[in-house]
1. Would it be correct to say that GLU200 is among the acidic types (Asp, Glu) and either modelled with pLDDT of 90 or more or touching a Phe, Trp or Tyr at 6+ places or on another chain (Cβ under 8 Å) (or both)?
2. I'm trying to understand the selection: among the residues of the stretch 200-227, which are surrounded by 21 or more Cβ atoms within 10 Å (Cβ to Cβ) and either of a type in the set (Asp, Glu) or closer than 18 Å to VAL162 by Cβ (or both)?
3. Checking the conditions here, which among ALA107, ALA129 is in contact (Cβ under 8 Å) with a residue 60 or more places away in the chain and within 27 Å of GLU195 (Cα to Cα)?
4. Is there a residue in the stretch 82-92 that is part of a helix (DSSP H, G or I), modelled with pLDDT of 85 or more, in contact with a helix residue (DSSP H, G or I) (Cβ under 8 Å, 6 or more places away or on another chain) and of a type in the set (Ser, Thr, Tyr)?
5. Is it true that some residue in the stretch 145-163 is assigned to a loop (DSSP other than H, G, I, E, B), surrounded by fewer than 21 Cβ atoms within 10 Å (Cβ to Cβ) and polar (S, T, N, Q)?
6. Given the conditions (1) among the aliphatic types (A, V, I, L, M); (2) within 30 Å of ALA203 (Cβ to Cβ); (3) touching a helix residue (DSSP H, G or I) at 6+ places or on another chain (Cβ under 6 Å); (4) modelled with pLDDT under 90, which single one is not true for LEU62?
7. Take ASP123 and decide whether it is surrounded by fewer than 20 Cβ atoms within 10 Å (Cβ to Cβ), among the charged types (D, E, K, R) and modelled with pLDDT under 95.
8. Residues that are more than 16 Å from LEU151 (Cβ to Cβ), in contact with an Asp or Glu (Cβ under 8 Å, 6 or more places away or on another chain) and in a loop (DSSP other than H, G, I, E, B): does the stretch 94-117 have at least one?
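The values are calculated or read from the model by the stated rules, or taken from the named source; none is laboratory data. None of the values given here were measured: they were computed from a predicted structure. Cβ atoms come from the backbone with ideal geometry, glycine included; neighbour counts cover every protein chain shown.
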Amino acid sequence: MASPSSAGRAFAALFVLAAASLALLGGLLWWQSPHLAQGVLLACQSAVQAVEGYWPLAGLLLPLALVGASALRGLGMLAVQLWYTRRLLRSLRRRSLPLPSSLAQQARSLQLAGRVTLVEDGDTYAFAAGLARPRIWLSSGLLELLDEAELAAVLRHERHHVQQRDPLRVLLARSLAHGLFFLPLAAALRDLYLEAKEREADAASGAHYELAAALLKLMQAGSQLPSAASLAAAGSASTAGRIQRLLGKEATSLVADVALVQRLLISLALAAAVWLACTTSISHAASPLAGGECGYTTWPAAELTSTPANFTPHDLTTVR
């Protein structure tokens, strides 16, 4: 089974990756801002010359474009998940039922009093949802399907998600990975976190065979989460894979580790490419521009001393 801190390490790594990416892009923006600001002031002779003259300086816009795209995608995913969460919880509350005495007793014995809601639904499911104060949502169909020991194992699994505030953590992890779309490592860390937290919740149930039996029944019954729950509830791993792990039959594989290393190398290569593009463009911007480039006339290059870093409109009147 996974170590108790594996999900935490993956979650922390994703946050460190996001912070490091933001720091790198912010540093590049601060470094290049004088060149970019002065370059914007240059008057272009024509649209064609503008494109031709500043194409080598496109690398200056890369950090700005990546920061903007990351913010839009990350905030967009955050908004979508918040909307789905609100929609899901409103629907579930409308169909809530009083807890049977046996279920209420189980909830109290597991320190879940007031944190379990029974939903009138023939489908079979159980999941943790809610951000500020997450709770466990059970369907009436699940209550009829499982025996007492299996239900207790499911409740202990979901209790771990509630105690760890996994619905909120999942929302943040998905939003960060979506925002860092240009780094394959971000998606890999998100998937690693989602997988590890399910392992830890399974281990926290303390009843591997009972939980495996419950999962098998759910799989045979064609269990699926209600509409809008996939982006609002704490995610789950493959049911078949979880059953194999709980029964101690999971085969050791290095495929996932190799894929993680590959995504790490690709992400490092992309980061290096962005850095190289920016430094190359800044080097070009710091060099005197020869005649014919955007914003300049065809005066001899020997007479030109202005660069996008030090250009002022006065230069056009003094250079003759």
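1. Numbers: among the acidic types (Asp, Glu): yes; either modelled with pLDDT of 90 or more or touching a Phe, Trp or Tyr at 6+ places or on another chain (Cβ under 8 Å) (or both): yes.
Yes, satisfied.
2. Scanning the stretch 200-227 gives GLU200, ALA201, ASP202, SER205, GLU210, LEU211, ALA214.
3. Working: ALA107 fails: in contact (Cβ under 8 Å) with a residue 60 or more places away in the chain.
Of ALA107, ALA129, the one residue that is in contact (Cβ under 8 Å) with a residue 60 or more places away in the chain and within 27 Å of GLU195 (Cα to Cα) is ALA129.
4. Start the filter on the stretch 82-92 by keeping residues that are part of a helix (DSSP H, G or I), which leaves 82-92.
Checking which are modelled with pLDDT of 85 or more leaves us with 82-92.
Those left that are additionally in contact with a helix residue (DSSP H, G or I) (Cβ under 8 Å, 6 or more places away or on another chain): 82, 85.
Narrowing the set further to residues that are of a type in the set (Ser, Thr, Tyr) leaves 85.
Yes, the conditions are met somewhere in the stretch 82-92.
5. No, every residue in the stretch 145-163 fails to be assigned to a loop (DSSP other than H, G, I, E, B), surrounded by fewer than 21 Cβ atoms within 10 Å (Cβ to Cβ) and polar (S, T, N, Q).
6. LEU62 satisfies every listed condition except (2).
7. On the way: surrounded by fewer than 20 Cβ atoms within 10 Å (Cβ to Cβ): yes; among the charged types (D, E, K, R): yes; modelled with pLDDT under 95: yes.
Yes, satisfied.
8. Checking the stretch 94-117: at least one residue is more than 16 Å from LEU151 (Cβ to Cβ), in contact with an Asp or Glu (Cβ under 8 Å, 6 or more places away or on another chain) and in a loop (DSSP other than H, G, I, E, B).
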